[in-house]
Amino acid sequence: MSIRVFDALSRHAPEALSSYGIRPNDLRSIENFGPQDSVFLVGSYARGEATASSDLDLAVLCDRQPARVDGTRGYPSVVGDTVVAAEVNGLALTVEFIRRSVLRGISEVLAAIPGTSESPSLGNLGALELRAVERIGTGIVLQQGAGDAELIEGLDLSKARLNKAALAFLISMGHLRAATAPGADRGIRSLRLREGAQDLLIAEVNAAGVLTFDSKHLVRRATLLTTGHARRLLDGLSRLETEPNELESRLRAAADEFVARASQERQRALINVLLRPIMPRIETAWSSAA
């Protein structure tokens, strides 16, 4: 790895490099990017969430991901390619390539949210797209390619987060509706309520300020919700013996609180705009299932 990029990495993840005794030559195998690409430290080391089992993750913003080095494994996707590039002294190193064209497309979707107040648009961004937003939006720049500043700065992390909160809430309510449908099987009811509870917690964590698109970091982040019905929901979800009726009651209370806060708190106003056209139908479903 070039001394310049390595020095930048050393400033932002010194504990990882020093504790594993990593030197620039140890990282030569993962420098599969050029000076025109933007390189970020991402993941747990960038967020300050690293543990002893954490990988060291880099993201590369590029026009086209390079061919993999023979012998490496990874996870290709429509966004680019994630390569498990090397393991140095016990530390796993991954490099995630994200194509600029994909990020521009995501930015266009975010720009269309909420549309107008009369006809708001709820962006249907999935986990891979939100992962790319999280990587670039929260990553620490180690090298910036020419022309990437506008693309990076124009990525609306807050809008992505609040949109995800609204979308996760709607998914949660879908599970609640299925769980309370007449004749619902007991096992399916229990499963649907737990799925609904998890999605409601994802909605709440996003509304509280941390872009979260799956359950990987959900429990740790949800424990930061120290009060309110969402915290009670988490406590109920953590107990496998929680009765479905109790879990349903906690989920409904947490959903009511989520909607109320969206209408009352300025920092959640976008959630309220996105949900407003849909809430009458949800409230009708609630009342009929109660």
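The values are calculated or read from the model by the stated rules, or taken from the named source; none is laboratory data. Quick caveat: nothing in here was measured; it's all calculated off a predicted structure. Here the Cβ positions follow ideal geometry from the backbone for every residue, glycine too, while neighbour counts run over all protein chains shown. Side chains included, ligands, DNA and RNA excluded: accessible areas come from the protein's heavy atoms. Shrake-Rupley method; radii C 1.70, N 1.55, O 1.52, S 1.80 Å.
What are the residues whose amide H is under 5 Å from the amide H of Gln143, where those residues sit 5 or more places off or on another chain and H is modelled from the backbone?
It is Val39, by chain and number.
Give me the accessible area of Arg220, 1.4 Å probe, in Å² rounded to the nearest 10.
Its heavy atoms expose roughly 110 Å² to the probe.
Above 17 Å lies some portion of the pair distances; for segment 166-210, what is it as a whole percent of all C-alpha pairs?
Numbers: 308 of 990 pairs.
Cα-Cα pairs in segment 166-210 separated by more than 17 Å: 31 percent.
Residue separation times 0.36 nm, minus the C-alpha to C-alpha distance between Glu108 and Asn245: what's the value?
Details: separation 137, 0.36 × 137 = 49.32 nm, distance 4.23 nm.
Gain on extension, Glu108 to Asn245, equals 45.1 nm.
Please list, by residue number, every one of the GluC sites (Glu not before Pro) in segment 161-258 that is coil in DSSP and has at most 13 other beta-carbon atoms within 10 Å. Walk me through the numbers on the way to the answer.
Numbers: sites: Glu195, Glu204, Glu241, Glu246, Glu248, Glu257; in loops: Glu241.
Answer by residue number: Glu241.
Can you sort Thr223, Thr72, Thr242 by solvent-accessible area, 1.4 Å probe, largest first?
Values: Thr223 55, Thr72 35, Thr242 10 Å².
Putting Thr223, Thr72, Thr242 in descending order of accessible area: Thr223, Thr72, Thr242.
In sequence order, what are the phi-derived ³J(HN,Hα) couplings for segment 58-70 according to the Karplus relation 6.51 cos²θ - 1.76 cosθ + 1.60 with θ = phi - 60°, rounded to whole Hz, with x for glycine and proline?
10, 10, 10, 8, 9, 7, 7, 5, x, 5, 6, 5, 3
Hey, what's segment 144-290 come to in accessible area per residue, 1.4 Å probe, Å²? Don't jump to the answer; show the numbers that get you there.
Working: 7340 Å² over 147 residues.
Here the residues of segment 144-290 average 50 Å² of exposed surface.
Using θ = phi - 60° and the Karplus form 6.51 cos²θ - 1.76 cosθ + 1.60, what ³J(HN,Hα) does each residue of segment 32-42 get, whole Hz, x for Gly and Pro?
Karplus-based 3J(HN,Hα) across segment 32-42 equals 9, 9, x, x, 7, 8, 9, 10, 10, 7, 10 Hz.
Rounded to the nearest 5, what % of DSSP beta bridges with both residues in the chain are antiparallel?
Bridges in the chain that DSSP calls antiparallel: roughly 75 percent.
Work out from phi, with θ = phi - 60° and the Karplus expression 6.51 cos²θ - 1.76 cosθ + 1.60, the ³J(HN,Hα) of each residue of segment 261-270, listed in order in whole Hz, and give x for Gly and Pro.
In residue order, the calculated couplings are 5, 5, 7, 9, 9, 4, 5, 10, 4, 4 Hz.
Under 5 Å between amide H atoms, partner at least 5 residues away or on a different chain: which partners does Gly115 have, H built in plane at 1.01 Å?
Under 5 Å from the amide H of Gly115: Ser121.
Under the rule of at least 5 residues apart or a separate chain, name every residue whose amide H is placed under 5 Å from the amide H of Ala92.
Placed amide hydrogens put Leu56 under 5 Å from Ala92.
Quick check on packing: order 139-146, 62-69, 126-133 by the mean number of other C-beta atoms within 10 Å, highest mean leading.
Answer by packing, highest mean first, reads 126-133, 139-146, 62-69.
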